[in-house]
Amino acid sequence: MGMMVVARRVDAPAHEVRYEFGFEDRFDRVLIIDPQTLEAVVEDGEFNAAASAIAAKIVNAWRSAGEFPQRMLFAS
């Protein structure tokens, strides 16, 4: 079975990058990325497959473009 996870960047302090994310357009979780180390954590503490997939897409986009994207989509 496939999975579609979407994320949108939200305002955050300078020392972190925050994304609201979830399945389809349910932005019910928050992903926090440290821009210095690229370490990603989820606000609710559950770093599952959806969080891992969208974090990897966001970090890869940052490595490619040099900036964190406003929106990201992962579909499998």
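In contact with a strand residue (DSSP E or B) (Cβ under 7 Å, 6 or more places away or on another chain) and either surrounded by 12 or more Cβ atoms within 10 Å (Cβ to Cβ) or over 20 Å from R63 (Cβ atoms) (or both), is that true of A49? Spell out the reasoning first.
Details: in contact with a strand residue (DSSP E or B) (Cβ under 7 Å, 6 or more places away or on another chain): no; either surrounded by 12 or more Cβ atoms within 10 Å (Cβ to Cβ) or over 20 Å from R63 (Cβ atoms) (or both): yes.
No; evaluated as a whole, the condition is false for this residue.
In the range 13-34, what count of residues is obtained for those that are exposed (fewer than 15 other Cβ atoms within 10 Å of the Cβ) and either aromatic (F, W, Y) or in contact with a strand residue (DSSP E or B) (Cβ under 9 Å, 6 or more places away or on another chain) (or both)?
Step one: of the range 13-34, the residues exposed (fewer than 15 other Cβ atoms within 10 Å of the Cβ) are 13-16, 23-26, 28, 34.
Still in the running and either aromatic (F, W, Y) or in contact with a strand residue (DSSP E or B) (Cβ under 9 Å, 6 or more places away or on another chain) (or both): 16, 23-26, 28, 34.
Of the residues in the range 13-34, 7 are exposed (fewer than 15 other Cβ atoms within 10 Å of the Cβ) and either aromatic (F, W, Y) or in contact with a strand residue (DSSP E or B) (Cβ under 9 Å, 6 or more places away or on another chain) (or both).
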Problem - Any chance R26 is of a type outside the set (A, V, I, L, M, F, W, C), under 11 Å from the mean Cα position of the chain (by Cα) and outside any helix (DSSP H, G or I) - result: no
Problem - Condition check for E46: at pLDDT 95 or above, among the charged types (D, E, K, R) and part of a strand (DSSP E or B) - result: no
Problem - Cβ pairs under 8 Å, 6+ apart, first in the range 13-28 and under 14 Å from A50 (Cβ atoms), second assigned to a loop (DSSP other than H, G, I, E, B) and of a type in the set (G, A, S) - result: none
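Restricted to the range 49-69, and to residues that are free of Cβ contacts under 8 Å to residues at least 60 places away in the same chain and assigned to a loop (DSSP other than H, G, I, E, B), which residue is farthest from R8 (Cα to Cα)?
The initial filter retains those residues of the range 49-69 that are free of Cβ contacts under 8 Å to residues at least 60 places away in the same chain, namely 49-68.
Subsequent filtering for residues that are assigned to a loop (DSSP other than H, G, I, E, B) retains 66-68.
Numbers: G66: 17, E67: 14, F68: 10 Å.
Among residues in the range 49-69 that are free of Cβ contacts under 8 Å to residues at least 60 places away in the same chain and assigned to a loop (DSSP other than H, G, I, E, B), the one farthest from R8 (Cα to Cα) is G66.
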Practice task
Just name the residue that is nearest to H15 (Cα to Cα) out of those in the range 33-48 that are touching a residue at least 24 places away in the same chain (Cβ under 8 Å) and aliphatic (A, V, I, L, M).
Solution key: I33
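The values are calculated or read from the model by the stated rules, or taken from the named source; none is laboratory data. A quick note: this is a predicted structure, and the numbers were derived from the prediction, not measured. With ideal geometry, Cβ positions are generated from the backbone for all residues, glycine too; neighbour counts draw on all protein chains shown.
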